[in-house]
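Have a look at the structure below before the remarks.
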2 protein chains.
Amino acid sequence: MVDMDKLKPMANAIRMLSVDAVEAAKSGHPGLPMGAADIVTTLFVHHISVDPADPLWPNRDRFVLSAGHGSMLLYSLYHLLGYEDFTLDDLKNFRQLNSRTAGHPEYGHARGIETTTGPLGQGVATAVGMAIAERIMNAEYGDAIVNHRTFVLASDGDLMEGISHEAISLAGHLKLNKLIVIFDDNGISIDGPVSLSESGDVVKRFEAAGWAAERIDGHDPVEINAALARAAQSDKPTLIAARTIIGYGSPNKANSSGVHGSPLGSAEAAATRAALGWECEPFDVPEAIRDAWRIAGLRNSQAHKEWRQRYEAMDAEKRAEFDRRIRGDLPGEFAPAMAALREHLLLERPTMATRKASERVLNTVNSVVPETVGGSADLTGSNNTKTDHQSPITPGQFAGRYIHYGIREHGMAAAMNGMALSGGLIPYGGTFLTFSDYCRPAIRLSALMGTRVVYVMTHDSIGLGEDGPTHQPVEHLAALRAIPGLLVMRPADAVETAEAWEIAMEHKGPSLMALTRQNLPTLAPAGAAKNRSRRGAYKILETAAKPLATLFATGSEVEIAVEAATRLNGLDIPTEVVSVPCFELFEAADADYRAAVIGDAPVKVGIEAAIRQGWDALIGSDGIFIGMTGYGASGPYKALYEHFGITADRTIEAVRERLGR
Amino acid sequence: MVDMDKLKPMANAIRMLSVDAVEAAKSGHPGLPMGAADIVTTLFVHHISVDPADPLWPNRDRFVLSAGHGSMLLYSLYHLLGYEDFTLDDLKNFRQLNSRTAGHPEYGHARGIETTTGPLGQGVATAVGMAIAERIMNAEYGDAIVNHRTFVLASDGDLMEGISHEAISLAGHLKLNKLIVIFDDNGISIDGPVSLSESGDVVKRFEAAGWAAERIDGHDPVEINAALARAAQSDKPTLIAARTIIGYGSPNKANSSGVHGSPLGSAEAAATRAALGWECEPFDVPEAIRDAWRIAGLRNSQAHKEWRQRYEAMDAEKRAEFDRRIRGDLPGEFAPAMAALREHLLLERPTMATRKASERVLNTVNSVVPETVGGSADLTGSNNTKTDHQSPITPGQFAGRYIHYGIREHGMAAAMNGMALSGGLIPYGGTFLTFSDYCRPAIRLSALMGTRVVYVMTHDSIGLGEDGPTHQPVEHLAALRAIPGLLVMRPADAVETAEAWEIAMEHKGPSLMALTRQNLPTLAPAGAAKNRSRRGAYKILETAAKPLATLFATGSEVEIAVEAATRLNGLDIPTEVVSVPCFELFEAADADYRAAVIGDAPVKVGIEAAIRQGWDALIGSDGIFIGMTGYGASGPYKALYEHFGITADRTIEAVRERLGR
């Protein structure tokens, strides 16, 4: 079945195209593509189910190159298989500005790239999310429509990163048996032999996490094939630790760290050609080998056709729903349900923490949007992320909509990326805002890729009280607002919380909610115009007279601003309040609206229980800022607000001092 | 030897003091102290070598409560042992503002708290650094002076966090056999049973990482004692997985997640008293039990006294050096050596990447400061962190000054905290700046605790070129500057790099260097006044005429600013340049200096290949910013600078447009 004489030259085509592209770019990583070429050749010729003619076929197997630095492996492979976004010109433009073939695989640059990789460990953890998504969609749509596998090629670095632990223990726990990780075990890291820093037993480690695991020779297609066949039968996720030689084929550089991240150089590239018996010019591939790859690219067209028939035969309504979810459109019921909820909250005017308000909103969201999948990193009761509609998914049982992620913030965030990328699901997950630091690399990837993921981050300031400085976010709002493409929303009351969720669900990219532990009153006046948060900031308290002061605040501090303004107005100091639930949306608002909201009051004050960074854009560098300048403290939250001077009294004092009255 | 009748009531004293303090605070975590009381009682009565009369005795064993939420365990224990910073009043003020007994243990609040814990996983990983430090100091000073152990009490959450993987694999690799982690395996997490999210085999996991590991009954002092005795003989680090009952002693709440993070309530507290036969008032401890604890507190005074004799007997010079290092003072040779290096660089005027300049500087630093310990997360050749003086430490061999941390940025950062806390060492470690995200929780703890750790972060902008958006920091400078207490330094040339290192070494807190991959010219004029970076910003190019424009820039963009200013001056538009190597130091500079540097030129321009956030403090919200607004791209770096318009041309154009000339 496995024809070595056929596979070896096919693998060499990947090797040499990769070498040639790295030479042309004068930069890149030839070592991994050369080392792992036999693995992916066997995988794609005999096992994986993808159709290059339709790279987005919903039921395709997913392939994640977690070791993103080996991007030329992916590009060469896809080129040879016939993916149309990977032409020979694309290969020749490797690592050039505006090319589809970036230094690391970038999601969205070309169809076939399932996720952005490069930051190590992310691919493995994202793939866990893809594998979860597949099972959830399978539970919904059945084997006929959703039934595929997720393959990962990972490097030493991927498995040394902490996130890999979170990912593999979650995958093992859930028995994601359709997830197969192939470890390109080449024994070489950048500093030298991996043994400089690692002496663990990877097979035992994965077994301890509930995986099937074995070691094979990564240059022997027979062993690779047999291991992949065993993986297909496993009731657990599978690790295949494949011993390879980095830079395989290079006579003088193979098996050394020198071949990891630098071009071979023309002499060594020529020597490699000779050693592999590759008798053609750079970027050329002998016709027989091209043909073999083209045939490999056609292998699943029949399976795809049969899937298409089953898809066409679906109940029309069910199919329309499937299409809607894959497209990422929200159901028609969503907008009216949110409008009704908003009306209701405006009338009810609850006093509640925004984390609790978020739970209220999620009750509505989850009842009309069947594709949401909630979860928390072991803070379900604190993050208020679980609603009555949601039963948890459990090991091997995926007919549920809630995930107990465990204390794995980073793994959760990456898994949510994977779910969002996989299609048909909208994941949200909770932790404390201070622990956004633990999942920041994955949040950045959400933003870079534009995945619709909602981070529900509660306990968003010193307002959490006694848990103290380690748990009190101070710099996190600024640090998160710094991430391009992430909507950071800090609603002031239940109404704004509903608005924030509406925005997040509609946004084709990631959002992050910063929610309070402590209770807040409803501030929006009954009958307030609809979703005022959409433009990021709005006047929540206006004055008839031209204002002498404008107070800008977010979240829990809007209450303080409103109290201060009310009292200042009573002192004949006309004062307005602007609620700023989302800096990013306000920055994107049109200039006239921005100018009108910012206004020209002589005194501008920002109030946020966090650091000033970023606020000057609203209040100017001469504005007054009422907030934090350092870390918090452990104590009851009201005492902390007093202690740090984040109060209406202090605000009034500052405004009066500035105005001299 | 192990006297159950004695130990059980001693453990109950910890339980009840913890219950009482949580009741008084109406907030806190009673479950862990109640569950783990037997473990720490056996540990402190029979094994650990500390002296409450001198909590900072350099050769004490270290005890890290990684599960920081169980802080009352530590406070009760230290109170009972006789640590003077833990009075009964301190216990009664648990979780109150300005108390020493914060919600989570805060380093610096009281002697005896070895490190700040609460963010899960950090304690374990910090302890790995302490254990490394102990071995390095032992290699230097011998068994007579440095020879102690590091004990950790960890929870489920600590071991689920990804950082635990990095920490334990590093510890296993290095064979840190004096590190003992006791896992409080209570089977309960916040969401419910740990089995909701975890089904791994912890013993097998640790064995796979090269540890000795076993399971015991955490309520049986005989088993605890025997396991600790075995650990003392191990040639590997040891995990003791101790099965416990969370909230042990509470008749109705034990073994449930309800006892994890909330007070028992007065009725259940009373029921617990009764169940444990604890016949005294809240905060009271029967005299016999107090005495038993006091005696336990005296157990190591003889050992301490003997150590003191050995210490007094040390060679005077060696002892003075030991004292200096423990105090954290730099050697007298440091300042002159740095001054000489600076002079040399001013004359030589090298054109080199600041990462390479950093290596040059480290050659000087490491030759005069014997306590530096360098390392990199597998990017040694890229971070330029290793100098000729440094041989690596290897498994079981600690006579070295360099650590190959592996691809473990988070574990590295936490280990560096542990080394700095342990005393006598100044750790620095490298990775790419974009991967600061991977170690952010530990960087935050460096800043919160004020540990002298130097983060060497290279490849600090789109200037790294082809590796593309995942590797190009854009928001990281802002996000790091947001962390209170961290010095972020981005030197513009080799001279500023030397200045930055001088500042970092003298600073009693963490510093982070953002260094280029690409070459930069020396910009400082020969004969420039000494260490101009100390105040964070200074005029690097002045004009005779009153300036119409001031260009502020950092790092690699200072070159662009100087070119633009030179050309603008040639166009009769007087333009100054301010180099801003460190925002934090400039913010701390006196107001007059700040005002003089900022000046009052009508046009202010900030230039940094990163986002604008934070810059308004220098250039005002109406200033011009030449930088990034989103993610980078893959391509040669000069093409990227052109593409994103971070050039002298663009700067000149913007200034002229603003001035209308």
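The values are calculated or read from the model by the stated rules, or taken from the named source; none is laboratory data. A quick note: this is a predicted structure, and the numbers were derived from the prediction, not measured. Don't worry about glycine lacking a Cβ; one is built from the backbone with ideal geometry, like all the others, and counts go over all protein chains shown. These accessible areas exclude ligands, DNA and RNA; they are computed on the full protein's heavy atoms, side chains included. Shrake-Rupley method; radii C 1.70, N 1.55, O 1.52, S 1.80 Å.
Yes/no matrix, rows are residues, columns are (1) assigned by TED's automatic domain parsing to the domain that holds B:Glu502; (2) closer than 30 Å to A:Leu487 by Cα; (3) modelled with pLDDT of 95 or more; (4) open to solvent by 30 Å² or more (accessible area, probe 1.4 Å):
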position	(1), (2), (3), (4)
B:Phe552	no, yes, yes, no
B:Ala564	no, no, yes, no
B:Thr575	no, no, yes, no
B:Gly627	no, yes, yes, no
B:Tyr641	no, yes, yes, no
B:Phe644	no, yes, yes, yes
B:Thr647	no, yes, yes, no
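From the residues in region B:600-616 that are open to solvent by less than 60 Å² (accessible area, probe 1.4 Å) and either modelled with pLDDT under 95 or more than 14 Å from chain A (Cβ to nearest Cβ) (or both), which one is nearest to the chain's Cα centre (by Cα)?
Narrowing region B:600-616 to residues open to solvent by less than 60 Å² (accessible area, probe 1.4 Å): B:601, B:603-611, B:613-616.
Filter once more, so that each one left must be either modelled with pLDDT under 95 or more than 14 Å from chain A (Cβ to nearest Cβ) (or both): B:601, B:603, B:605, B:607.
On the way: B:Ala601: 40, B:Val603: 40, B:Val605: 35, B:Ile607: 30 Å.
For region B:600-616, the residue satisfying everything is B:Ile607.
In region B:315-368, how many are of a type in the set (Lys, Arg) and either exposed (fewer than 15 other Cβ atoms within 10 Å of the Cβ) or modelled with pLDDT under 95 (or both)? Spell out the reasoning first.
Going through region B:315-368, the residues of a type in the set (Lys, Arg) turn out to be B:318-319, B:324-325, B:327, B:342, B:349, B:355-356, B:360.
With either exposed (fewer than 15 other Cβ atoms within 10 Å of the Cβ) or modelled with pLDDT under 95 (or both) added as a condition, the list becomes B:318, B:327.
The number of residues fulfilling the criteria is 2.
Go over the candidates B:Leu97, B:Leu65 one by one and state the one that is in contact with a helix residue (DSSP H, G or I) (Cβ under 8 Å, 6 or more places away or on another chain), within 16 Å of B:Val152 (Cβ to Cβ) and in the same structural domain as B:Tyr141 (by TED's automatic domain parsing). Break it down into steps so the answer makes sense when it comes.
On the way: B:Leu97 fails: within 16 Å of B:Val152 (Cβ to Cβ).
Sole residue among the options that is in contact with a helix residue (DSSP H, G or I) (Cβ under 8 Å, 6 or more places away or on another chain), within 16 Å of B:Val152 (Cβ to Cβ) and in the same structural domain as B:Tyr141 (by TED's automatic domain parsing): B:Leu65.
Can you name every residue in region A:188-242 that is part of a loop (DSSP other than H, G, I, E, B) and without any contact (Cβ under 8 Å) to a residue 60 or more places away in the chain?
Restricting attention to region A:188-242, the residues satisfying the condition of being part of a loop (DSSP other than H, G, I, E, B) are A:190-191, A:197-201, A:209-211, A:218-220, A:234-237.
If the condition is that a residue be part of a loop (DSSP other than H, G, I, E, B) and without any contact (Cβ under 8 Å) to a residue 60 or more places away in the chain, then A:Ser197, A:Glu198, A:Ser199, A:Gly200, A:Asp201, A:Ala209, A:Gly210, A:Trp211, A:Ser234 are the ones that fit.
(1) surrounded by 14 or more Cβ atoms within 10 Å (Cβ to Cβ); (2) assigned by TED's automatic domain parsing to the domain that holds B:Leu17; (3) hydroxyl-bearing (Ser, Thr, Tyr): which one isn't true of B:Ser301, the others all being true?
Checking B:Ser301 against (1) surrounded by 14 or more Cβ atoms within 10 Å (Cβ to Cβ); (2) assigned by TED's automatic domain parsing to the domain that holds B:Leu17; (3) hydroxyl-bearing (Ser, Thr, Tyr), the one that fails is (1).
Scan region B:161-195 for residues that are more than 25 Å from B:Gly35 (Cβ to Cβ), touching a Ser or Thr at 6+ places or on another chain (Cβ under 8 Å) and among the polar types (S, T, N, Q) and jot them down.
Selection gives B:Asn177 alone.
List every residue pair whose Cβ atoms sit under 8 Å apart, with the two residues 6 or more apart in sequence or on different chains, where the first one lies in region B:628-657 and is away from chain A (no Cβ under 14 Å) and the second, anywhere, is loosely packed, with under 15 Cβ neighbours inside 10 Å.
That search, which allows pairs on different chains as well, returns B:Ile652/B:Leu571; B:Arg656/B:Leu571.
Are there helices (runs of 4 or more DSSP H) fully within region A:266-349 with at least 1 residues that are farther than 30 Å from A:Ala494 by Cα? List them.
On the way: elements: A:266-276, A:287-298, A:301-312, A:316-327, A:334-348.
It comes to A:266-276, A:287-298, A:301-312, A:316-327.
Among the listed residues B:Arg15, B:Arg62, identify the single one that is surrounded by 24 or more Cβ atoms within 10 Å (Cβ to Cβ), of a type outside the set (Ser, Thr, Tyr) and within 19 Å of B:Thr126 (Cα to Cα). First the steps, then the outcome.
Numbers: B:Arg15 fails: within 19 Å of B:Thr126 (Cα to Cα).
Testing whether each residue is surrounded by 24 or more Cβ atoms within 10 Å (Cβ to Cβ), of a type outside the set (Ser, Thr, Tyr) and within 19 Å of B:Thr126 (Cα to Cα) leaves just B:Arg62.
So that you can scan it fast, the table gives a plain yes or no per residue for (1) modelled with pLDDT of 95 or more; (2) of a type in the set (Lys, Arg); (3) assigned to a loop (DSSP other than H, G, I, E, B):
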| site | (1), (2), (3) |
| --- | --- |
| A:Glu499 | yes, no, no |
| A:Ile503 | yes, no, no |
| A:Ala529 | no, no, yes |
| A:Arg534 | yes, yes, no |
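Go through region B:202-239 and give me each residue that's touching an Asp or Glu at 6+ places or on another chain (Cβ under 9 Å), within 14 Å of chain A (Cβ to nearest Cβ) and under 24 Å from B:Gly70 (Cα atoms).
B:Val202, B:Val203, B:Ala213, B:Arg215, B:Leu239
Take A:Ile426 and decide whether it is surrounded by fewer than 24 Cβ atoms within 10 Å (Cβ to Cβ) and either within 29 Å of A:Leu346 (Cα to Cα) or under 22 Å from the mean Cα position of the chain (by Cα) (or both). Lay out the reasoning, then the answer.
On the way: surrounded by fewer than 24 Cβ atoms within 10 Å (Cβ to Cβ): yes; either within 29 Å of A:Leu346 (Cα to Cα) or under 22 Å from the mean Cα position of the chain (by Cα) (or both): yes.
It is true that A:Ile426 is surrounded by fewer than 24 Cβ atoms within 10 Å (Cβ to Cβ) and either within 29 Å of A:Leu346 (Cα to Cα) or under 22 Å from the mean Cα position of the chain (by Cα) (or both).
Would you mention how many residues in region B:247-265 are of a type in the set (Ser, Thr, Tyr) and either more than 18 Å from B:His219 (Cα to Cα) or in a helix (DSSP H, G or I) (or both)?
2
Being within 14 Å of chain B (Cβ to nearest Cβ) and surrounded by fewer than 24 Cβ atoms within 10 Å (Cβ to Cβ) is the filter here; which residues of region A:487-511 pass it?
Passing the criteria: only A:Gly509.
Six or more apart or on different chains, Cβ under 7 Å: which pairs go from a residue in region B:441-455 that's within 14 Å of another protein chain (Cβ to nearest Cβ) to one that's modelled with pLDDT under 95 and not in a helix (DSSP H, G or I)? Could you list them?
That search, which allows pairs on different chains as well, returns B:Gly450/B:Lys508.
Can you give me the number of residues within region A:395-407 that are within 8 Å of chain B (Cβ to nearest Cβ) and either within 25 Å of A:Ser234 (Cα to Cα) or modelled with pLDDT under 95 (or both)?
So the answer is 4.
Right, A:Asp460: open to solvent by 10 Å² or more (accessible area, probe 1.4 Å) and either in contact (Cβ under 8 Å) with a residue 24 or more places away in the chain or under 21 Å from A:Leu345 (Cβ atoms) (or both) or not?
no
Being open to solvent by 20 Å² or more (accessible area, probe 1.4 Å) and small (Gly, Ala, Ser) narrows it down to one residue among B:Ala125, B:Ala139; which is it?
On the way: B:Ala125 fails: open to solvent by 20 Å² or more (accessible area, probe 1.4 Å).
Only one candidate passes the filter, namely B:Ala139.
So the check is Cβ under 7 Å with 6+ separation or different chains; which pairs have a first residue in region B:154-180 that's among the basic types (Lys, Arg) and a second one that's open to solvent by less than 10 Å² (accessible area, probe 1.4 Å)?
Close Cβ pairs (under 7 Å, with a partner that is open to solvent by less than 10 Å² (accessible area, probe 1.4 Å)) amount to B:Lys178/B:Ala131; B:Lys178/B:Glu134; B:Lys178/B:Thr150.
In region A:154-172, what residues are over 19 Å from B:Gly406 (Cβ atoms) and either at the interface with chain B (Cβ under 7 Å from one of its Cβ atoms) or in contact with an Asp or Glu (Cβ under 6 Å, 6 or more places away or on another chain) (or both)? Step through it out loud before you land on a result.
Kept after step one, since they are over 19 Å from B:Gly406 (Cβ atoms), are these residues of region A:154-172: A:169-172.
Across region A:154-172, the qualifying residues are A:Ser169, A:Gly172.
Listed residues A:Ala413, A:Ala377; which is open to solvent by less than 10 Å² (accessible area, probe 1.4 Å), over 30 Å from A:Pro521 (Cβ atoms), touching a residue at least 24 places away in the same chain (Cβ under 8 Å) and within 14 Å of another protein chain (Cβ to nearest Cβ)?
On the way: A:Ala377 fails: over 30 Å from A:Pro521 (Cβ atoms).
A:Ala413 is the lone residue from the list that is open to solvent by less than 10 Å² (accessible area, probe 1.4 Å), over 30 Å from A:Pro521 (Cβ atoms), touching a residue at least 24 places away in the same chain (Cβ under 8 Å) and within 14 Å of another protein chain (Cβ to nearest Cβ).
Based on what the data block shows, is A:Ser533 over 18 Å from A:Thr431 (Cβ atoms), polar (S, T, N, Q) and either open to solvent by less than 10 Å² (accessible area, probe 1.4 Å) or not assigned by TED's automatic domain parsing to the domain that holds A:Thr354 (or both)? Lay out the reasoning, then the answer.
Details: over 18 Å from A:Thr431 (Cβ atoms): yes; polar (S, T, N, Q): yes; either open to solvent by less than 10 Å² (accessible area, probe 1.4 Å) or not assigned by TED's automatic domain parsing to the domain that holds A:Thr354 (or both): yes.
Against the criterion (over 18 Å from A:Thr431 (Cβ atoms), polar (S, T, N, Q) and either open to solvent by less than 10 Å² (accessible area, probe 1.4 Å) or not assigned by TED's automatic domain parsing to the domain that holds A:Thr354 (or both)), A:Ser533 qualifies.
Could you please let me know if B:Gly247 is under 34 Å from the mean Cα position of the chain (by Cα) and open to solvent by less than 60 Å² (accessible area, probe 1.4 Å)? If you could, list the steps in order and put the result at the bottom.
Numbers: under 34 Å from the mean Cα position of the chain (by Cα): yes; open to solvent by less than 60 Å² (accessible area, probe 1.4 Å): yes.
Spelling it out, B:Gly247 is indeed under 34 Å from the mean Cα position of the chain (by Cα) and open to solvent by less than 60 Å² (accessible area, probe 1.4 Å).
If A:Asp467 passes every condition in (1) without any contact (Cβ under 8 Å) to a residue 60 or more places away in the chain; (2) at negative phi but one, which one does it miss?
(1)
Under the condition of being out of contact with any Lys or Arg (no Cβ under 7 Å at 6 or more places or on another chain) and not in a helix (DSSP H, G or I), which residue from region A:583-599 is least open to solvent (accessible area, probe 1.4 Å)?
Out of the qualifying residues, it is A:Gly599.
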